[in-house]
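Presented below is the structure to which this report refers.
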Amino acid sequence: MKKIRVGIMGIASLIMLAGCNVPSQIDININDTKEQSKPNKVQEVQSSGPSASDNQSVTGSAATSKVKPATDSTTTTSETLQKKSVKSSYPVKENAIEEDTWYWRITEAQVNLRKGPDIHSQSMAVLERDEELEYLHHKYIDPNDERIWYEVQTWEGKIGWVSSRVIIKSDGRYYSGYADTEEIDYWQVTVNQANLRAEPSISSKSVGIVHNQDYLEFLQDTMLDPSDGRTWYRVETSDGLIGWISSRVVLRG
């Protein structure tokens, strides 16, 4: 019986020792496992959702993507409105002064003769100051800038449009393409004194002086000086002096 008790007690002791040691080892392993697994779980949780910086990035990206369409839309709308705002010129009625006008004279140094009655129309020629244009009695208005345009013809036969802002009414005496020029036999001086010049230019030397009411025989030769728009006639005085006289100082005799 003693041997059996001792055996039983020995076994009990071993079980107790084993019971003490095993849980301790298990706890340590479990704790180690828990400690090792915690960072992994936290990391998985953190990586599964966006971080604060990701939120900012996404928000910024979303904001940018929203702005772009607005800008494009605004630009498109602006361009569409701009296209819609452009209107074509249209004819309007002449006033009494325009109805009585047959020639316009250029008042600026250089002016474009345009193909159509608007400022964006292609230029056909450059007109000089004091150049005269025959008025063809077609008047248009451009509603985009309220400019008035007149259809005119140059002495060379070019037909186009000129703005009312750069012309004044004229009597046609400077128009070198004047239809009746070939039929004129004499010009009469209209100023107190005028130079008869060697060449058809204001800078040419004087070959003589003519006076008011003098009659000058027209030799059927006409020249236009493009530098100042003056028209010159080749004439002969009663004394047989031949030279050029400016159209600005004579009238049909």
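Filter segment 210-225 for residues that are part of a loop (DSSP other than H, G, I, E, B) and either open to solvent by 70 Å² or more (accessible area, probe 1.4 Å) or among the hydrophobic types (A, V, I, L, M, F, W, C) (or both) and give the result. Listed by number, the list holds a single entry, GLN213.
Within segment 119-144, the residues that satisfy the criterion of being farther than 25 Å from ASP225 by Cβ, open to solvent by less than 50 Å² (accessible area, probe 1.4 Å) and not in a strand (DSSP E or B) are SER121, PRO143.
Candidates SER121, SER65: the one that is out of contact with any Asp or Glu (no Cβ under 8 Å at 6 or more places or on another chain) and at pLDDT 90 or above is SER121.
Is segment 183-193 home to any residue that is open to solvent by 60 Å² or more (accessible area, probe 1.4 Å), in a strand (DSSP E or B), at pLDDT 85 or above and at negative phi? The answer is yes; a qualifying residue exists. In summary, ASP180 fulfils each of the numbered conditions (1) modelled with pLDDT of 90 or more; (2) over 29 Å from the mean Cα position of the chain (by Cα); (3) surrounded by fewer than 14 Cβ atoms within 10 Å (Cβ to Cβ) with the single exception of condition (1).
Any residue that is under 19 Å from ASP221 (Cβ atoms), out of contact with any helix residue (DSSP H, G or I) (no Cβ under 9 Å at 6 or more places or on another chain) and modelled with pLDDT of 90 or more - is there at least one of those in segment 156-172? Within segment 156-172, not a single residue is under 19 Å from ASP221 (Cβ atoms), out of contact with any helix residue (DSSP H, G or I) (no Cβ under 9 Å at 6 or more places or on another chain) and modelled with pLDDT of 90 or more.
So, of the residues in segment 93-118 that are closer than 16 Å to VAL166 by Cα and of a type in the set (A, V, I, L, M), which turns out to be surrounded by the fewest Cβ atoms within 10 Å (Cβ to Cβ)? For segment 93-118, the residue satisfying everything is ALA109. Among the conditions (1) assigned to a strand (DSSP E or B); (2) at pLDDT below 90, ASP228 misses just one, which is (1).
Among the residues of segment 100-141, the ones that are in contact with a Phe, Trp or Tyr (Cβ under 6 Å, 6 or more places away or on another chain) and on the phi > 0 side of the Ramachandran plot come to 0 in all. The set of residues from segment 231-250 being open to solvent by less than 50 Å² (accessible area, probe 1.4 Å), part of a strand (DSSP E or B) and over 14 Å from ASP185 (Cβ atoms) comprises THR231, TRP232, GLY243, TRP244, ILE245, SER246.
Within segment 224-253, the residues that satisfy the criterion of being touching a residue at least 60 places away in the same chain (Cβ under 8 Å) and small (Gly, Ala, Ser) are SER227, GLY229, SER247, GLY253.
The values are calculated or read from the model by the stated rules, or taken from the named source; none is laboratory data. Bear in mind the structure is a predicted one, so any value in this text is a computation, not a measurement. Note that each Cβ is placed from the backbone with ideal geometry, even for glycine, and that neighbours are counted across all protein chains shown. Surface accessibility is based on the protein's heavy atoms, side chains included, excluding ligands, DNA and RNA. Shrake-Rupley method; radii C 1.70, N 1.55, O 1.52, S 1.80 Å.
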